[in-house]
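The values are calculated or read from the model by the stated rules, or taken from the named source; none is laboratory data. Just so you know, these numbers come straight off a predicted model, no measurement behind them. Every residue, glycine as well, gets a Cβ built from its backbone with ideal geometry; the counts of neighbours run over all protein chains shown. In case anyone asks, the SASA skips ligands and DNA or RNA and just uses the protein heavy atoms, side chains included. Shrake-Rupley method; radii C 1.70, N 1.55, O 1.52, S 1.80 Å.
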Amino acid sequence: MSAPDLSTRTRYEPSEVEPQTAQRWLDSGVFEPGAREPGAGPDDHYSIAIPPPNVTGVLHMGHALNGSIQDSLIRLNRMRGKRTKWILGTDHAGIATQTQVEKKLAREGRSRKELGREAFVVETQAWRKEYGGKIVEQFKRVGASCDYGDERFTMDEGYVTAVQKVFVDCFEQGLIYRDHYMVNWDPGSGSAISDLEVEEKEGVEDTLFSIAYPFADGDGEIVVATVRPETMFGDVAVAVNPSDERYASAIGRKVILPLSGGKEIPVIADDHVKVDFGSGALKITPGHDPNDFEIGRRHSLPAPSAIGEDGRLTALCGDFAGQTADEARTTVTDALRASGALRAEDPYVHTVPFSQRSGARIEPLISLQWFMNMEPLAGPAIDAVQDGRVRIHPPVQSRRYVEWLSEIRPWCVSRQLWWGHQLPVWYRGGDGDPQKTEAPETYVGIEPPQGEGWVRDEDVLDTWFSSALWPFATLGWPEQTQDLADFYPTNVLSTARDILFLWVARMVMLGLKFAGDVPFKDVYVHSVIQAPDGRRMSKSLGTGIDPIDVIEGGPRPPVFKQGGDFPAYGSDAVRFGLLAISTTQDVRFSEDKVQQGQQLSNKLFNATRFVLLQLEELGLGEIEAAPAPRTDADRWILSRLERVARATEQALDGFEFARAALGLYDFVYGELCDWYVELAKPRLRGGDPDVQRDLAATLLFAIDRTLRVAHPVIPFVTEELWSHLPGERDLLAQSTWPEADPSAIDEQAEAGIAALIEAVTAVRGWRERVGVKPSAVLPARLREPLGAELEASLQSLARVDLAAGSGDAVATVTTAGVVVDLLPDENIDLDAADRRLQARRDEIAGEIKRLEGKLSNAKFVERAPANVVQVERDKLAVLQEQLAAL
RNA sequence: GGGCCUAUAGCUCAGUUGGUUAGAGUGCUCGCUUGACAUGCGAGAGGUCACAAGUUCGAGUCUUGUUAGGCCCACCA
């Protein structure tokens, strides 16, 4: 028996239920795919590979949203009878993790260098064991039905094999190569980083220095502008635009590089130079500027390094060698000023690249790194999206994907870190450091090379290299495992848009290349959740919201106007709230929507409680849930149940999660509870045992179906209530999804109940407006009979008595299908009724006038489609009838 | 510099090929010991659909432009 006792509890308390329910799921093994049934084909399997959270991570709002999305899909498909696997694991997150561990060491007065590589990796492994499991525990807490029995890590043994095989194969096919190339050097982490890890910051204030380079023949000078004077020792040319007449005669001449002992460099012509910027002359420093690097290559110029990987000026810089770049900026400009070469210093605001990882300003420099040529992989990856083998939702994201792949550039895959997949590369021979200069012999292979004197490359791979293999490496690749056969390709990948290129595109490229198929059929790019005030969620801004705080009742962050703690909303409420806001690309976190989810849970709890207590009282406690309709109301709810089941699965299959969540809410409140349960009450007390038994079975059936349909969105409360329903029941999580049953649709019953609802609402409205006491039962008469059932319902819900009273109507309530005359009664204020009548007449008359105007417009009648015109005519007729009835 | 998304009730958002008097939740106002639920029930007020022009019998919806907010990409020293 579960925690709450339904006979005494009137409120649903998620905190009393959720932890135990999560544990029941885990103990039952329902999340694990279990044994493969003979004959099961690809359509019988359903899998999602979770975007592996960083081992450094704790659950944030993005995880909570994405977890809710993926879990609703997994649970739906599990209930549909699919063999499901939600592939779980964590990512070693190279730079992020290494940075955290280094910070921890620093707090302890230790350092990475002091420990040495081996000890540092051991330290990091220990750190991962301590913190890496936290996020997985949090996934369990929110009900994520991952396959916890098969948790992977991007550096576990099998995964390492997969990564090395891919690297070696790519090398052997010429896709991976080593080259001197311009990289984004991150002085903060002391490593190269990829283009995608660079963040351009706008509005950085710098100084633009104008420096005069005299011509070597002594005749005049040329002025160049730069924000990086300290790199001038790496200058190899001055470039001007070939069409720039001012410099036409300068092209081909030499200028003297100041402060460099008379070194001469040529003036060259290149289209890249803008005539109208600065002086129109550009100094070319191929070693420290990506554009200059390209220009240098075009003109076969050397690319000397003026700044080294240590951030200090190199021997090339003469007296300035050894200074840091910052120091040198001052000393070099001082020297230029002293020599008279500095012509101007102007404040200058521009965009500057920074490292997303360390926050340090990027130092572009040339270095010997490993690269992967992505071009041969990009074409097939574009095709896969364009021919629909991979569908990206929403479609606008697939345009971004295709555009990015069309202009793909080589990927720098080596990182100067210790935490990660060390390159399967060895060097032998030569005098220099094999990390910095090419060695005579290079060996690439999974097994270390034979023989003496080999030194392994110290670098590790970019984290995203291993992530790119995630959907198949987790399933046992390169072994041809049964899991790989069953669950690859996965069905859906749900992810944030900021890693569409970083991760998604690369998975498609490498999946096609190595696993022989696309890694997933659908990519859902989910919303990004902003703080309630529209700012980005961030800890440092105070706008971050911890989902666990919302679930368990932690403190509200400062971004909320209201202070204090959150109520312990529970996982269901948070899941519902997140799905309910999950619409466009940027959405704001809404505590109201979470609250709506909490209310939905409570409503379901009480509706179930009501039904079960009633059945108990009637001695029907063990009755079986089954449709046994006797009335329009019964047929109506069965029809509506069928529609909500179809609508919910359509919404989930179509990645319209807000529609699914809010549709459930509307059904439970607006149909099941407000109307069906209310309509059932009088009949339940009615006395005929046969009627009661059938009604009980149908009510129970309605609850049963509702719990099934709501389960993917709010699994905890539905599982809990399910356990209270009579009969032997497995876990709801492993029960079945309602199959389509078109025979349950009953248009006639739907129309009848819709008319009843409209009439009840109208009578209630009239009563309020004319001030009738809520408790008063008013005598009334129908113009046209509605049948015994609907008339009885109208009497109880609108508080009228159709058998009482006599005489002429004192007021009339009209709706499209029903006209109710209210008869004289002491509870009716005749003046108020009169005023209301007049107001109602004016309303209808105004509307009639509007319609008549529209229908007398010849253009409308002529050009609008006949059915549209007919609709307007019918409307007019109905209104005229209503006016006449008043 | 190029591109994308968003703008509808006080707030958060629906509104699917153009076609009732533009909806919901929440907040607000009024009322209710309605035998499941006050995390409840009933009713009500509240919108020139950002702005401007255009297409159309008809525009929240389509076109163009403008404004504001957000995001992505990009090599002007």
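Listed cross-link partners A:Lys263/A:Lys436; A:Lys82/A:Lys134; A:Lys82/A:Lys521; A:Lys849/A:Lys875; A:Lys681/A:Lys773; A:Lys85/A:Lys140 are compared with a 18 Å cut-off, the Cα-Cα value being larger for A:Lys263/A:Lys436; A:Lys82/A:Lys134; A:Lys681/A:Lys773. Using Cα atoms only, what is the angle between the long axis of helix A:157-172 and the major principal axis of chain A, expressed in degrees (0 to 90) to the nearest 10? Helix A:157-172 and the main axis of chain A meet at about 50 degrees.
Remark: segment A:262-329 is approximated by an ellipsoid whose semi-axes, taken from the C-alpha gyration tensor as √(5λ), come to 24, 13, 12 Å, largest first. Net length available on complete extension from A:Asp44 to A:Lys875 is 294.1 nm, with 0.36 nm assigned per residue and the Cα-Cα distance removed.
A:Cys412 exposes around 10 Å² of accessible area when a 1.4 Å probe is run over every protein chain in place. Listed cross-link partners A:Lys129/A:Lys539; A:Lys103/A:Lys513; A:Lys113/A:Lys201; A:Lys539/A:Lys603 are compared with a 29 Å cut-off, the Cα-Cα value being larger for A:Lys103/A:Lys513; A:Lys113/A:Lys201; A:Lys539/A:Lys603.
Using the Stokes-Einstein relation with a Kirkwood hydrodynamic radius computed over Cα pairs, the translational diffusion coefficient of segment A:546-631 at 25 °C and a viscosity of 0.890 mPa s comes to 159 µm²/s. List the aspartates and glutamates whose Cα lies under 17 Å from the Cα of A:Lys254, skipping any in the same chain that are fewer than 8 positions away. Cross-link targets: A:Asp217, A:Asp219, A:Glu221, A:Asp235, A:Glu264, A:Asp270. Each residue, A:Gln734 and A:Arg783, gets one label point 7 Å from its Cα in the Cβ direction; the gap between the two is 6.0 nm. Let's test the formula: R0 of 56 Å, r as the Cβ-Cβ distance of A:Arg556 and A:Ala248. What FRET efficiency results, to the nearest 0.05? So the FRET efficiency works out to roughly 0.25.
When only the Cβ of Lys, Arg, Asp and Glu is charged (+1, +1, -1, -1), the dipole of segment A:104-227 relative to its Cα centre reaches about 1020 debye.
The angle between the Cα long axis of helix A:571-580 and the main principal axis of chain A comes to about 80°, on a 0 to 90 degree scale. Converting the Cα gyration tensor eigenvalues of chain A into ellipsoid dimensions via √(5λ) gives semi-axes, longest first, of 70, 36, 24 Å. Taking a ≥ b ≥ c as the square roots of the eigenvalues of the Cα gyration tensor, an a/c ratio of 1.5 or more together with a/b no larger than b/c marks segment A:303-456 as oblate.
Each Cα pair under 8 Å and six or more residues apart adds its separation to the average, and for segment A:206-353 the resulting relative contact order is 29 percent. In segment A:593-658, inverting the average of 1/r over every pair of distinct C-alpha atoms gives 14.5 Å as the Kirkwood radius. Only helical runs count toward this figure. For chain A, summing -39,500 (n - 2.57) over DSSP H runs of n ≥ 4 and dividing by all residues gives -13000 deg cm²/dmol at 222 nm. Which whole-number percent of Cα pairs in segment A:772-886 have a distance greater than 24 Å? Roughly 40 percent, rounded to a whole number. Taking a ≥ b ≥ c as the square roots of the eigenvalues of the alpha carbon gyration tensor, segment A:677-811 is prolate, as a/c is not under 1.5 and a/b beats b/c. Remark: spin-label model distance A:Glu847-A:Glu137 equals 6.0 nm, labels positioned 7 Å along the Cα→Cβ axis.
Where the centroid of each part is defined by its Cα atoms, how far is segment A:349-389 from segment A:743-784 in Å? Answer, in whole Å: 65. Taking the Cα centre of chain A as origin and assigning +1 to Lys and Arg Cβ atoms and -1 to Asp and Glu Cβ atoms, the resulting dipole is close to 1140 debye.
Surface calculation, 1.4 Å probe, protein heavy atoms: A:Thr8 sits at approximately 100 Å² accessible. With the highest mean first, a sort of the peptides A:302-310, A:580-588 on other beta-carbon atoms found within 10 angstrom per residue produces A:302-310, A:580-588.
Between A:Glu108 and A:Asp346, the FRET efficiency estimated from the beta carbon spacing at R0 = 35 angstrom works out to 0.15.
Here the peptides A:803-811, A:351-359 are ranked by packing, the mean other Cβ count within 10 Å, and the order with the highest first is A:351-359, A:803-811. Residues whose amide H comes within less than 5 Å of that of A:Ala281, counting only those at least five positions distant or on another chain, are A:Ala225 (H built at 1.01 Å from N in the peptide plane). For chain A, relative contact order (Cα pairs under 8 Å, six or more residues apart, normalised by length) works out to 12 percent. Shown is the FRET efficiency for A:Arg117 and A:His272, computed with R0 = 35 Å from the Cβ-Cβ distance and rounded to the nearest 0.05: 0.25.
Each peptide in A:110-118, A:709-717 was scored by the mean count of other Cβ atoms within 10 Å over its residues; highest first, the order is A:709-717, A:110-118. In chain A, the DSSP beta bridges split such that about 70 percent are antiparallel, to the nearest 5. The Cα atoms of segment A:189-284 define a convex hull whose projected area, averaged across directions, is 8.1 nm². A dipole drawn for chain A from +1 and -1 charges on Cβ atoms has a positive end, and of A:Tyr427, A:Gly296, A:Val820 the residue lying farthest that way is A:Val820. Nearest 10 degrees, 0 to 90: what angle lies between the long axis of helix A:689-710 and the longest principal axis of chain A (Cα atoms)? Taking the Cα atoms of chain A, the angle to A:689-710 is about 10 degrees.
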